[in-house]
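The structure appears below as structure tokens.
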Amino acid sequence: MFSSSFFYGLVILGLTWTALGALALIVLLLKDWIKKQLW
Amino acid sequence: MLAAASITREVGWAIVIVLGLIWIGLGILWGRKAKNSEGFMLAGRNVGLSLGSATAMATWVTSNTMMVAPLLALKMGIWGMLAYASASFGLMLFAPLAARIKSVMPDGFTSGDFFRQRYGAAGWSMFMVITLLYSITWLVTMAIAGGKLLEELGEIPYLQGMSLILVVCVLYTLFGGLYAVIGTDFIQSLIILLGVVAIGVMVLFHLDHGATYEYVETNQPALLDVLMPVALLAFFNNMLFGFGEVFHNNVWWSRAFAMRKGVAPKAFFLSGILWFPIPIAAGFIALAAGPLGINVTDPSKVGPAVANHVLGEYGMGMTGGILILVVLFCSIASSIDSLLAATSDLLVKDVYCGLFKRKLTDDTFRRVAAVAILLVAGIAWLVALPGHNLDTVLFSAGGLVASLIWPIIAGLFWKRCNRALVLIGIIAGVITGYICWFAVQTYVAALAGGAVSMLFTVLSRFIAPSPFPERTSASPNVE
Amino acid sequence: MWFGFPSARRTPQIGTASRTIRLHYLIPLIAVVAMSMCGEVVGADEIDFSNREALAESPSDDGTITLAWDKADESVVVVVEQDTSSEFESPLLRYEGPDSATVLSGFRDGAYYFRIRESGSDDWSEPLRIRVEYIGRSRLFFLLATGGLVVLATAGAIVGGYLHTREKEGES
């Protein structure tokens, strides 16, 4: 059986990872914008 | 069951109209960048990493991600969430494919082009039937989902809500082409990611962790099992379904063509990484239903039901409803616009130009594209009218798309094969997939279709193989 | 049907004493019997799971069980219990409320019994036995092995093909 710590660890990992994803997109957007490489 | 009165009808209309006007406004603004058909359909072939990754990720986040991830978590527990997350591997594996696509078809427009080059008219026809069937079904399920959500969350009558969502997406796609689609996708992807985190964090903080785990352990033990049979099957099946969907569909091929050289592989790989945690972050809330005493009557709505309940407990009834509606609207719109654009591209380039041998000029391309977009949207609207749940049609198509995986691999990387055998393999895979869905076992359709087609394609390399035709073709679209 | 019972009670066993006097004793007896018959008759119309036969016949292969019932009235509250035996010695309360269905998930292999009643009444429905039967182990492992093989082969063909063609392009 998956343990309680595994379950909550997975959930916290999922939420943190998703949040970092949003951050990464913003950082990449700014980088592309500065270098005029958006589109 | 969705705490229906959390948003009033006026607020529901207001949200959709305000968001809709923003997207349409941006569509008109960005659409000015498209000076020719290449600009309209492929955003000038110069899209960078940030916009590229965001659009690939956002398109792959559909309302299914928000509604089906919790459903799978409810039915299959921890492995259910992981099984859904495995679909992201399709995006990651598309990275090397995208690199190869750009190198063999630097001036290519559609995946249909590729199929015609490699597998001739027969292969192309088969491909077109499969992809149009799949894409339109997907589009229709999104339109229906949108209509039903607006009805449940915002008390907007189904027909009006469904039509409104389609009209908004058609308008900004019409005005702005792929520029508008990709630009709005970026904004929508941020809203989706942040919305999922906000809801997830609130649910997580609301739970009594010990009691929640204990409840599930006592009453729903299989959800925590490491060897949960149906979930393990779903893991591989979903992965192959993901491969099939991403590898064949013009939605992703057009993005590969749209991205700047060198960007496509990185963007697709990154989009897979970005997408992976979303089913977990959105899905786990379903496991809170039992412990929170929420009675599940319709598993496909367990996600919004739990979200609504928890946000209501925080005294955020109206705000919570708005948040859920906005996130779901963005995930639906980001898929509808991509499907409209990519499917109409196929009709314009493969059918109008390729089959009917007409030329596109800088003056005529917008009109032709507009007709194609309206045609696709019109068909989707008609099929979505009765509001019958088409999820079965979509999910049973696992074998349909998985059967295209190996033919595409062969066409991109191999020098020779027995094309007839490959095409027979597609048909065999499709049939096997459907038989498995209906008669054998759930969660094996994509697996079966993919395996059968793989077998035929591998054999085609050894049984009377012949070289692929030269890259040049009579089509005005392909290099 | 119950009209017949009181007269059936009027058997010769009651006695040979004056019939008129005995009838006075019989009336409350008849009334009590009639009222208990009423209780059982309402029980015959009591709430029950819909689709009982279908649920009992085909086992669940994914560990999810959907129970539904027809209610006379929106406001009627029902109670649903679950146990692993039909005697309901240590029942688990699964649902209490006004909805008309409940989806229960996460069951392991085995047989489960369910019963339902209206919250005011004491009369439970007949126990409903539902089996949960996952796919057999050998079949499961065969499918998982196939899945794993196809996935690995696919990933391998893509990565291998990519590296190989990239080399070739590098050379030319």
Give the long-range amide H neighbours of C:Arg94: residues separated by 5 or more places, or on another chain, with amide H under 5 Å away, using H modelled in the peptide plane at 1.01 Å from N.
C:Val80, C:Glu81, C:Gln82
If every alpha-carbon in the range C:52-132 counts as one equal scatterer, what log10 I(q)/I(0) does Debye give at q = 0.18, 0.25 1/Å?
-0.73, -1.33
Given a Förster distance of 35 Å, report the FRET efficiency between B:Val18 and B:Val351 from their Cβ-Cβ distance, rounded to the nearest 0.05.
0.45
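Count, for each residue of B:292-300, the Cβ atoms from other chains sitting within 10 Å of its Cβ, then give me the mean as a whole number. The partial results should precede the final answer.
Values: counts 0, 3, 0, 11, 9, 8, 3, 4, 0.
Other-chain Cβ atoms within 10 Å of each residue's Cβ, averaged: 4.
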Checked against the positive end of the charge dipole of the protein assembly as shown (+1 on Cβ of Lys and Arg, -1 on Cβ of Asp and Glu, about the Cα centre), the farthest of B:Gly354, B:Ser86, C:Phe107 is B:Gly354
As straight-line cross-link partners of B:Lys148, the qualifying aspartates and glutamates (C-alpha separation under 15 Å, not fewer than 8 residues apart within one chain) are B:Asp298, B:Asp391
Report, by chain and number, residues whose modeled amide H sits under 5 Å from the one on C:Ile65, excluding near sequence neighbours (fewer than 5 apart, same chain).
C:Leu104, C:Ser105
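Add -39500 (n - 2.57) for each DSSP H run of 4 or more in the protein assembly as shown, then divide by its residues: what number comes out at 222 nm, to the nearest 500 deg cm²/dmol? Numbers along the way, then the final one.
Values: 25 runs with 450 residues, N = 690.
The helix-only estimate for the protein assembly as shown comes to -22000 deg cm²/dmol at 222 nm.
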Taking the highest mean first, how do the peptides C:122-128, B:34-40, B:233-239 order by number of other beta carbon atoms within 10 angstrom per residue?
B:233-239, B:34-40, C:122-128
Rounded to whole Hz and in sequence order, give me ³J(HN,Hα) for the range C:89-94 from the Karplus expression 6.51 cos²θ - 1.76 cosθ + 1.60, θ = phi - 60°, writing x for Gly and Pro.
5, 10, x, 10, 6, 9
Counting alpha carbon pairs within less than 8 Å and at least 6 residues apart, what relative contact order, in whole percent, applies to the range C:56-159?
31 percent
P(r) weight above 41 Å for the protein assembly as shown, C-alpha pairs, percent:
34 percent
Residue by residue through C:155-168, how many Cβ atoms from other chains fall within 10 Å of the Cβ on average?
5
For C:Phe49, what residues show an amide H to amide H distance below 5 Å, using hydrogens built from the backbone and excluding near sequence neighbours?
none
Karplus-derived HN-Hα couplings along the range B:113-118 (A = 6.51, B = -1.76, C = 1.60, θ = phi - 60°), whole Hz, x at Gly and Pro
3, 4, 5, 5, 4, 7
Under the Karplus curve 6.51 cos²θ - 1.76 cosθ + 1.60, θ = phi - 60°, whole-Hz ³J(HN,Hα) for the range B:324-334, x wherever Gly or Pro sits:
4, 4, 4, 4, 5, 4, 5, 5, 6, 4, 5
Taking beta carbons within 10 Å but only from partner chains, what does the mean come to for residues C:97-104?
4
Can you give me the Rg/Rh ratio for chain B, using Cα atoms for both radii and the Kirkwood formula for Rh?
0.97
What lysines could a cross-link reach from B:Lys359, if we take a straight Cα to Cα line under 17 Å and drop same-chain neighbours fewer than 8 places away?
B:Lys35, B:Lys349
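Each reported figure results from applying straightforward, stated rules to the coordinates on display, with no laboratory input. Just so it is clear, the structure is predicted and the values come from calculations on it, not from any experiment. All Cβ positions, glycine included, derive from the backbone under ideal geometry; neighbour counts span all protein chains shown.
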